[in-house]
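Colleague: Dropping a structure here in structure tokens format, bear with me for questions.
Read-outs: derived from the displayed coordinates by stated rules, not from any lab. Bear in mind that the values here come from a model prediction, so they are computed numbers and not experimental data. For neighbour counting, all protein chains shown are included, and Cβ atoms are generated from backbone atoms with ideal geometry for every residue, glycine included.
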């Protein structure tokens, strides 16, 4: 079982800088299957070894990849690379919407899961318990298929929810057009997006002085929020 922990903005920015490069994404995809040596990655991905080594250094420095030295059958010790952690990143961009979120996936001993997840976990347990290797692999393939279908359904629902959110923000933007001052509009959009009206946090996020934020909040609550 895993738990999701929200990333700080700095960590999210670091991960995004790593995965924005298509070569690094290829390396990450390969390492998601199993650990590998730099030479292996070079051959399997048809990339120059110096280029692979360069990207591995970047990913290791970002904390997404780790390495361990192992003895080589012929030559000096070599490094085997593996993914150091699990993350999930979502980003939605468009008119009236900008949402980004990074979550770290970490093990946890127990969790409250939906009935569907519990069913899939039981299905997984049964698959793992199959003695015959061929039948076990077939059962595991069925688990993966069901999970992917379930995730596709969730993504479809998420897209519908984003459409609802987009329409709500579009209407809010029309109201914002009547607000006097750019800072007031910025504060309003911050409140709508972050669901927070704490003066200090708004001041830090928008680089507006706290006394100005408080004045804006007072006016918004007096004239626009019930």
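Colleague: Can you tell me the relative contact order of the chain? Whole percent, Cα pairs under 8 Å, sequence separation 6 or more.
Modeller: Value for the chain: 16 percent.
Colleague: Tell me, what is the FRET efficiency for residue 141 and residue 215 to the nearest 0.05, using R0 = 41 angstrom and their Cβ-Cβ distance as r?
Modeller: For residue 141 and residue 215, the calculated efficiency is 0.10.
Colleague: Among (i) 160; (ii) 204; (iii) 107, find the value of volume of the Cα convex hull per residue in Å³ that was calculated from the structure presented, and write down its label.
Modeller: (ii)
Colleague: Do you know the relative contact order of region 85-211, to the nearest whole percent, from alpha carbon pairs under 8 angstrom that are 6+ apart?
Modeller: 15 percent
Colleague: Rounded to the nearest Å, what's the spacing between the alpha carbon centres of region 187-226 and region 62-85? Just the number, please.
Modeller: 49 Å
Colleague: While we're here: With everything on Cα atoms, drop me the angle between helix 49-61 and the longest principal axis of the chain, reported from 0 to 90° to the nearest 10.
Modeller: Result, in degrees: 50.
Colleague: Taking Cα atoms, how many degrees apart are the long axis of helix 133-176 and the longest axis of the chain, rounded to 10 and kept between 0 and 90?
Modeller: 20 degrees
Colleague: With a 10 Å Cβ neighbour count serving as the proxy for reagent exposure, in which order, fewest first, do 39, 217 appear?
Modeller: Working: 39 12, 217 19.
Going from least to most buried by this count: 39, 217.
Colleague: Report, in degrees rounded to the nearest 10, the 0 to 90 angle that the Cα long axis of helix 9-19 makes with the longest principal axis of the chain.
Modeller: 50 degrees
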